[in-house]
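In what follows, a structure is listed as structure tokens, so that the remarks can point back to it.
The values are calculated or read from the model by the stated rules, or taken from the named source; none is laboratory data. All values reported here derive from a predicted model rather than from experimental measurement. We place every Cβ from the backbone using ideal geometry, glycine too, and count neighbours over all the protein chains shown. These area figures cover heavy atoms from the full protein model, side chains too; ligands, DNA and RNA do not enter into them. Shrake-Rupley method; radii C 1.70, N 1.55, O 1.52, S 1.80 Å.
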Amino acid sequence: MPTKKKEKKEEQKEKVVAKKPAEKKVVGEVPKKKINPISLPRGMRDILPEDQLVWDRVRSACKTLSDAYGFRRIDTPIVEDTNLFVRGVGKHTDIVEKEMYSLETEGGEKLTLRPEGTASVMRAYISNGMFNQPQPAKLWYMGPMFRHERPQSGRYRQFQTFGCEVIGEKDPVLDAQIILLSWLILKELGIKGIVRINSIGTPESRSAYKQVLVQYFRSHRSKLSDNDKRRLLRNPLRILDSKDEGAIELKVDAPQIVDWLDDTSKAHFMRVLEYLDEVGVPYQLDPYLVRGLDYYSDTVYELFDEEEADERSQSALGGGGRYDGLSELLGGREETGAVGFGLGMDRIVSRLKSMAGDEPVKEEEAPVFIAQLGEAGRKRSLAVFEELRLAGIRASEAFGKESIKAQMEVANRRGAKWAVIIGQKEVLDGTAILRDMDSGSQEIIDATKIVRELEKKL
Ligand code: HAM
């Protein structure tokens, strides 16, 4: 015995010695130096598996309601010709002036990651000749938008929008239906939405209004921030949206656009409000709501959560309006009536999460766990997993683990009710062990009857 022990020790020594040269630097080996992890670009984020259930709820409410209202899905590319947004969204908007992710290809193409969806949908409507189909075209889309904004709570540089557009008709009933649909989506998700609404009239009435607005702000120029002074020249309506003190103070006595609306715009707006009253959508008139995209005409609105107390810090969950001039701006037919909305899905998801106390929503656990032992058991288990899936029985596994103990720990952690255990012996005998995870009792069953036995028990 002592000699055997000695031999074993020698053997171990040898192993240690034999390992040593391997620890020396080997050609091609990655040097063990600290590598800094690559971080996400600012304003971007991951949406992790534990949040996907809430996201699915939002996606599903958007899709189900829009389908019910006769909208059909459209997917447009994430990258478009930069000019689409310069012309469509407007040269002097914040989006085009400072927020676009633009690039130039080697071939000299100027492209931009879409900052919003409406211009793309109108481009698709025109380029696919949808005006030749029965009108209006009712389209919905969902996907990422990109804006290089200053990141802050509820504002990301890549965010998800769900949008609906009705293109090809001008009746105010469509404005109301669009507003109703966006409000209903929030309602379906348990959020009490409130609409803030305004009419910004036609480009003609707007330009007359702009003049008096510029006059008004000019006479109080010293109170405006540098940013708002710049807006005075380029986009005076945006001063009404400014977050700067001076502009907020001046806004109270500023002229209101309703006084410059022509009769057609006034009548259109009144009818939109009447329809909203009819269907019980709560709204507040907001004479200074102008929105940050230039394509709007007549109705503009934003959707907020009624429950959120501090109105100033609130960010809109969605917004939209009418954009009858966009088709022509993009080279399509003149006077193509169009109205739509976009919902900020990231903001809706974070609202739902905070309503649920920020607890992660738990996915429903699979009731069955498949455990395996040895190579033959593992092979058979792969096939059994597929049998269960085809029979509609949800199962989980830990095929990468070898010991039964470790696998049972996983099964317990996942809250499995039943474990199917298959080892070498069971494969040879054509059986499987069925274990009740609560009581620990086990029975041996015929391998061909696993599905049937589980169906009886579940
Ligand atoms: P928007 O108001 O610019 O409108 O965006 C729609 C919604 O997207 C906003 O109400 C907000 O909830 C969300 N959102 C905007 N920017 C961000 C951001 N940086 N991070 C997170 N969420 C954001 C449009 O885009 C129009 N295309 C809507 C429309 C459709 N008008 C007519 N048809």
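Points worth noting:
- Placing +1 on each Lys and Arg Cβ and -1 on each Asp and Glu Cβ, with no other charges, gives segment 368-457 a dipole about its Cα centre of roughly 240 debye.
- The angle between the Cα long axis of helix 2-23 and the longest principal axis of the Cα atoms of the chain comes to about 30 degrees, rounded to the nearest 10.
- Heavy atoms of the protein chains alone define the surface here; on that basis the chain has 56 Å² accessible area per residue at 1.4 Å probe size.
- Given a 1.4 Å probe and the protein chains as shown, residue 268 ends up with an accessible area of around 20 Å².
- Each principal axis of the chain carries a Cα extent, and these read 106, 59, 47 Å when sorted largest first.
- Fraction of accessible area attributable to carbon and sulfur, segment 368-457 (%, probe 1.4 Å): 51 percent
- Of the trypsin sites (Lys or Arg not before Pro) in segment 65-173, the ones in a loop by DSSP (not H, G, I, E or B) with at most 13 other beta carbons within 10 Å are 91.
- Axis of helix 203-218 versus longest Cα principal axis of the chain: the two differ by about 90°, to the nearest ten degrees.
- Shape category assigned to segment 367-422 from the gyration tensor of Cα positions, a/c cut at 1.5: oblate
- Using Cβ point charges alone (K and R +1, D and E -1), the dipole size of segment 170-243 about the Cα centre works out to roughly 500 debye.
- Estimated from helices alone, the mean residue ellipticity of the chain at 222 nm is -12000 deg cm²/dmol (sum of -39500 (n - 2.57) over DSSP H runs with n ≥ 4, per residue).
- Each part gets one Cα centre, and for segment 286-347 versus segment 411-456 those centres are 58 Å apart.
- Of the GluC sites (Glu not before Pro) found in segment 349-458, those in coil by DSSP whose Cβ has at most 14 other Cβ atoms within 10 Å are 363, 364, 365, 402.
- Here the accessible area of segment 235-308 is 46 percent carbon and sulfur, with a 1.4 angstrom probe and all protein chains present.
- Computed over the chain, relative contact order equals 14 percent, with contacts defined as Cα pairs under 8 Å that lie 6+ residues apart.
- Basic side chains Lys and Arg get +1 at the Cβ, acidic Asp and Glu get -1 at the Cβ, and with that the dipole of the chain about its Cα centre reaches some 2820 debye.
- Accessible area in the full protein assembly, largest first, 1.4 Å probe, for 223, 251: 223, 251
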